[in-house]
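Heads up: the structure comes next, in structure tokens.
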Amino acid sequence: METVTGGSAIQDKLYEFMDVLRYAGVSISTDEVLSMFNAMPHISLMEKTVFRQALKTTLVKDYTDIPVFERCFDEFFCGGEDAQVDIANAFRDMASRDTLRERTGLNREETDALEEAFARFIDSLPEELLFERSPEELLNLFLDELEQAESSGGGMGQMLFNVRSQYRQAAGSGAPGSDEEYNRRLSELMNAITARAGKRLSSEKIGSRISTREDYLLHKPIYKITPEEIREMRELIKRFGQKLKNRISLRKRRVKHGHIDIKRTLRTSLQYGGVPFKIFRKDRKMDRPQLVVMCDVSGSVNQYSRFMLLLTYTLQSLFSKVRTFAFISNIVEITPLFMEMDPERALGSIFEDTNFTYGWGSNYGRTFDQFIKDYSDSLTSKTTVLILGDGRNNHQNPGMESFIRIKDRSRNLFWLNPDRKHLWNWNDSIAYLYQEHCDEMKEVNNFLDLSEFIDKLFLDL
Amino acid sequence: MFDSVKSTIEGLACQRYIASEEIATTVYLALKMEKPILVEGPAGVGKTELGKCIAGALNMDLIRLQCYEGLDESKALYEWEYAKQLLYTQILKDKLSAIMKHEDTMAKAVERLSREDDVFFSNKFLLPRPILKAISGKNRSVLLIDEIDKSDSEFEAFLLEVLSDFQVTIPEIGTIQADVKPLVFLTSNNAREMSDALKRRCLHLYINYPTRELEERIVSLKVPECGGKLRSEIVQAVHKIRELQLKKEPSISETLDWARALVILGIDDLTRDTAIETLNLILKYEKDIELAKQNAANIFLH
């Protein structure tokens, strides 16, 4: 460990890495921080795989966060090809903190206070500013603020004032040209702070870049997503869907009190000579909803339907029964495809040998009539019906009668509409007609809307 | 006791378990830090096996607790032997009345009796279940809590005391603290998410499918009669198949089954035709087999 400057430098570096993880959206509790530090003495920091695993095993408890961890680790610890050197270098960088102290003649508390103030300042800045401005610009902003605080007599300003007067004093008692000396030292201070700021920024950037990218994709209107992004999106949906599923299943498990648990009640009654003093109840089986999903797969909303179906099948185990239908002007049950294939492959094969068209364009009326005629057995009092479509019926018969029957025979009826609300009654859209009979018609623009809707669906049950 | 990550790998290898550096690191840290391990990962990657092999390598007792829905503390922690307690009361009836004979009031009799009731709630009538067994044992043991995701969330709550403090509280007796902390090994297939409280107390290990090199070593260890050429062909094919979008990916145990079957069939070179004919050994869904057949040209090079 001769390459590493000292214990506290390593600690700082590890704290910094945890910040990176937190910015990237991995939650780390104090327990985990403690166990990570407890683990460090047992391993050698120079063995990369072991070091990486030690961090991973103590800090990351949600396996869906593992890919995020790997990316953060790679970016934070290994910029170049030789990882061992990288780790050593990264630790050595921490020494620049000592350089800062040495060069400016500030004592430790003062440097710490200055750095802390600067860190606070950076935290307080809005994200856009952080990404756009260079460290030098940020430093200038910071110094401006200090100067203002100085004139109003704030603590930090007072400190900087002291520093400056110290320089002058030292310089004044010395040789002439003291102003030059003062300026030189001040510029050194600037440089050291800039270096520090640069580091701080970059660690913040690694983490937030990953989570910003994800946020960006989740918020991006689905119809604007490019083919390249779709692949990225799928990974994200899997990860995000899994998280959503975990959260929902944890929540629903807490529902209690069903039938009497005879075995347990009898066993306990033995304590009281066979008198059942204490009654135990079984947990009520999670009341899992049945789901019928009808997706418009015509060009205008195809992409939405794909994401919807993908999410539905990621969450499949939360429902007791899922039946899926796709339509344009002809409705076809696509449940079997998903039974025997991976959801993504099933999505790909939807168009292979099915004919969704009967005549031209989407025809909601015909679809609903057909559904009532052929598939009404899928509707029970426990069924939640989800329709995804824009309600653009191409000026054809709306099939209101069938639609109302679907509503009457199911528990809830929700409609997700990718169109903007103000377009719902525009041109050939008859969304407003349908909306009257839905429990809710919701505008969905991006993936987050979709998942929020599903999340809420379970809250309401 | 292992004294480094390397010796952990070697120790497990002696138990015929090939551990990656990641697995070994977590196991080693868990032993050193005396923390439980929560292992997650797809089915059939050797999670349970790892627990068994650690016990074997360190020569510790393996105490296994298989979780299922409805598992409660009387099956996992401890239970009072009511039948035995009743039997003893019956047998000792005379003795009891002899003791009580000299008490003239009811209150005094009760008081007299209560001085003796510790007898009936003592270790003698306590039936230790796996967790209490692991805690109260004289020697360090491995407590394997298998498929924790199958249990109810209430059961998780019982575990918390054990996992963080290695103790069990029995209201009638008091708290039983472990003299030697067992290595607790929890496995989960992700049927449901574990609570944060439980995860916080554990080291986390995610075992994924092994790398090609590692899987080849596993095959050579478990199916030694499989030749080097066939072995690498099998493993390569399985890895390519895992990349397809499958309903159920082949696990390590399926790779091993395949290798064994091909050896029995007397095949020493995996040609495309033999591979396609025996695909049903590693793929369990008709559509998955179909997909693999479609991509046969990419998967099987011969």
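A few remarks follow.
- Checked against (1) over 24 Å from A:Leu310 (Cβ atoms); (2) exposed (fewer than 15 other Cβ atoms within 10 Å of the Cβ), B:His239 meets all criteria but (2).
- Of the helices (runs of 4 or more DSSP H) lying entirely inside the range B:1-118, the ones with 1 or more residues being touching a helix residue (DSSP H, G or I) at 6+ places or on another chain (Cβ under 9 Å) and charged (D, E, K, R) are found at B:5-14, B:21-33, B:73-76, B:82-91, B:106-114.
- Screening the candidates B:Ile289, B:Ile276, B:Ile267 for the property of being in contact with a Leu (Cβ under 6 Å, 6 or more places away or on another chain) and surrounded by fewer than 21 Cβ atoms within 10 Å (Cβ to Cβ) yields one hit, B:Ile289.
- Only one of the listed residues (A:Ile404, A:Ile387, A:Ile372) is farther than 17 Å from A:Phe325 by Cβ and either in contact (Cβ under 8 Å) with a residue 24 or more places away in the chain or in a loop (DSSP other than H, G, I, E, B) (or both). That residue is A:Ile404.
- Residue match in the range A:425-443 (condition: touching a Pro at 6+ places or on another chain (Cβ under 6 Å), crowded, with 18+ Cβ neighbours inside 10 Å and closer than 24 Å to A:Arg306 by Cα): yes
- Taken over the range B:1-40, the criterion of being among the small types (Gly, Ala, Ser) and either in contact with a Phe, Trp or Tyr (Cβ under 7 Å, 6 or more places away or on another chain) or surrounded by fewer than 20 Cβ atoms within 10 Å (Cβ to Cβ) (or both) is satisfied by B:Ser4, B:Ser7, B:Gly11, B:Ala13, B:Ser20.
- Consider the range A:44-76 and keep the residues that are within 17 Å of A:Met18 (Cβ to Cβ) and assigned to a loop (DSSP other than H, G, I, E, B). The one that is farthest from the other protein chains (Cβ to nearest Cβ) is A:Leu45.
- Matching residues in the range B:80-100 - criterion: being more than 43 Å from the chain's Cα centre (by Cα) and modelled with pLDDT of 80 or more: B:Lys93, B:Asp94, B:Lys95, B:Ser97, B:Ala98
- Qualifying residues in the range B:41-75 (those that are surrounded by 22 or more Cβ atoms within 10 Å (Cβ to Cβ) and within 14 Å of chain A (Cβ to nearest Cβ)) - the one nearest to B:Phe158 (Cα to Cα): B:Lys47
- Residues of the range B:144-178 classified as in contact with a helix residue (DSSP H, G or I) (Cβ under 8 Å, 6 or more places away or on another chain) and part of a loop (DSSP other than H, G, I, E, B), total: 5
- Index of the failed condition, B:Ser253 passing every other in (1) among the small types (Gly, Ala, Ser); (2) under 21 Å from B:Ile218 (Cβ atoms); (3) in a loop (DSSP other than H, G, I, E, B): (3)
- Considering (1) crowded, with 19+ Cβ neighbours inside 10 Å; (2) modelled with pLDDT of 70 or more, the lone condition that A:Arg234 does not fulfil carries the number (1).
- Within the range A:1-51, if we keep just the residues that are within 21 Å of the chain's Cα centre (by Cα) and of a type in the set (A, V, I, L, M, F, W, C), the residue that is modelled with the lowest pLDDT turns out to be A:Ala24.
- Qualifying position, being in contact with a Phe, Trp or Tyr (Cβ under 9 Å, 6 or more places away or on another chain) and modelled with pLDDT of 85 or more, among A:Leu416, A:Leu318: A:Leu416
- Filter result for the condition that a residue is under 25 Å from B:Ile23 (Cα atoms) and buried (at least 16 other Cβ atoms within 10 Å of the Cβ), over B:Leu132, B:Leu163, B:Leu126: B:Leu163
The values are calculated or read from the model by the stated rules, or taken from the named source; none is laboratory data. These figures come from a predicted structure and were not determined experimentally. Methodologically, a virtual Cβ is constructed for each residue, glycine included, from the backbone with ideal geometry; neighbour enumeration extends over all protein chains shown.
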